[in-house]
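> Dropping the structure in here first, questions after.
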Amino acid sequence: MTDSLLKIFFPGKLVFGNGTLPQLVNDVIELTPSKVFIATIEPLKNSLPSFIGQLQQNNIEVLIDTSILAEPSFSDFEKLMQLVTPFNPDVVIGIGGGSVLDIAKLVAAQLENEQQLKDYVGIGFLKGRKKKLICVPATSGTGSEVSPNAILVDDENQKKGIISPYLVPDIVYVDPLLTVSVPPPITAATGLDALTHCLEAYTNKFSQPFIDMYAYEGMRLIAAHIETAVKDGSNIEAREKVAMGSLLGGFCLGPVNTAGVHALSYPLGSMFHLAHGLSNALLLPYVMEYNIPAATKKYAEVAIALGCDRKATDEATAYAGVEKIRQLIKACGIPATLNEVNVPESAIPQMATDALKIQRLLKNNPREITENDAIEIYKAAY
């Protein structure tokens with residue numbers, strides 16, 4: 001089944017390539033800002049002095065924050081706004097993983113905005129953005145740099161999505177060289193997260209031929225190169241291919257979005273603070289097995305994209321794809337069961353209850369997932 005309505009919001013400018021980050025200075029200067037705010041992470045601060053120095057030489061005041069870590073909360077955001085609001089930058093730049101990019105997007109949206117954050121949680125409630133927004137991913141995973149999505153954790157440990165075309169950045173730079181220093185476990189988890197974006201878009205109840213192109217090529221690139229990127233992080237070709245796959249996965253998130261894997265992974269992040277990519281990778285083969293009866297042909301095509309040979313039937317090909325995913329997970333050193341990451345079996349009913357609240361994603365799944373189905377999937381993954 002496809003939904004006939006297709007809406008895509010692309011960034012105003014996208015630059016992809018090894019060693020392209022230094023060119024960003026010129027783009028920022030052309031915006032003629034007096035103040036720039038940069039959200040980033042501690043490990044990247046050493047890469048930025050030249051960039052910051054050039055901005056300052058052009059009489060641009062720069063404020064840097066590295067407080068945002070994985071799975072940021074509403075209170076983390078509010079604390080950051082207390083720092084950024086008085087500074088009132090003209091341009092907001094996020095340089096980091098998905099959490100940093102999501103926060104940068106929301107900071108840019110909130111500055112000089114009469115709406116409060118709580119007013120635009122959900123889909124399509126944000127009415128505008130007055131500040132320029134630039135995103136630079138330093139991991140290959142979330143695709144946040146080109147998506148209209150941002151995720152925060154609320155006081156009840158539930159992940160909430162803020163989705164709006166105003167969260168798509170004005171300028172995006174994807175420099176795969178920034179990912180070379182990412183350690184193997186994060187490379188593996190983020191890469192498999194990106195693969196999941198592509199796979200869930202391709203098999204989505206509301207899949208779109210236009211997005212299928214991005215999703216298929218993203219799966220192909222990541223499946224072929226993720227193991228090398230994990231085991232030999234200095235392999236520039238592997239880093240570049242996985243970065244492109246992640247970018248393509250990001251383009252899938254607005255028009256089609258994810259489905260059951262992401263919905264079921266959210267409680268692992270909010271309840272046990274497992275990294276988002278790790279949660280997705282761990283659950284992916286189990287949700288694939290559950291979904292195959294409802295979308296056998298699509299999952300057979302997934303298997304081909306992953307590098308499998310076509311079998312005698314679509315069903316056999318589809319299940320070969322599940323095995324290929326299991327092989328990739330093992331090769332990348334990702335845990336294969338909930339037990340291995342110390343999730344107690346007693347938590348499964350609560351996880352299922354929480355997952356069922358993510359209807360904005362579950363409605364996209366090719367096969368309906370009830371609370372009992374979620375419990376069975378978690379048990380299979382245990």
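Taken together, the values in this text are just the output of simple stated rules run on the coordinates, not laboratory data. Because the structure is a prediction, the values reported are computed rather than measured. Here the Cβ is made from the backbone with ideal geometry for all residues, glycine too, and neighbour counts use every protein chain on show.
> Subtract the Cα-Cα distance of residue 327 and residue 79 from 0.36 nm times their separation in residues, and report this length gain in nm to one decimal.
Residue separation times 0.36 nm, minus the Cα-Cα distance, leaves 85.1 nm.
> At 0.36 nm per residue, and after removing the present C-alpha to C-alpha distance, how many nm does the segment from residue 237 to residue 353 gain when stretched out fully?
Length gained between residue 237 and residue 353: 37.5 nm.
> Taking the Cα centroid of segment 113-131 and of segment 252-282, what is the distance between the two, rounded to the nearest whole Å?
With segment 113-131 and segment 252-282 each reduced to a Cα centre, they are spaced 24 Å.
> Restricting the count to DSSP beta bridges whose residues both fall in the chain, what percent are antiparallel, rounded to a multiple of 5?
Here the antiparallel bridges make up roughly 15 percent for the chain.
> Which of the peptides 206-213, 92-99, 338-345 is most tightly packed, and how do the rest follow, judged by the mean count of other Cβ atoms within 10 Å per residue?
Those peptides, ordered most packed to least, come out 92-99, 206-213, 338-345.
> Within a 10 angstrom radius of the beta carbon, how do 262, 276, 225 rank from fewest other beta carbons to most?
Going from sparsest to densest Cβ surroundings: 225, 276, 262.
> Measuring from label point to label point, each 7 Å out along Cα→Cβ, what is the residue 32 to residue 123 span in nm?
So the two model labels end up 4.0 nm from each other.
> I've got another one for you. Quick one: dipole size for the chain, taken about the Cα centre, charges +1 on Lys/Arg Cβ and -1 on Asp/Glu Cβ, in debye to the nearest 20.
It works out to roughly 460 debye.
> With label points built 7 Å along Cα→Cβ from the Cα atoms of residue 272 and residue 52, find their separation and express it in nm.
Those two pseudo-labels are separated by 3.8 nm.
> A further question follows. How much mean residue ellipticity at 222 nm does the chain get from its helices, if each DSSP H run of length 4 or more adds -39500 (n - 2.57) and you divide by all residues, to the nearest 500 deg cm²/dmol?
Estimated from H runs of four or more residues: -15000 deg cm²/dmol.
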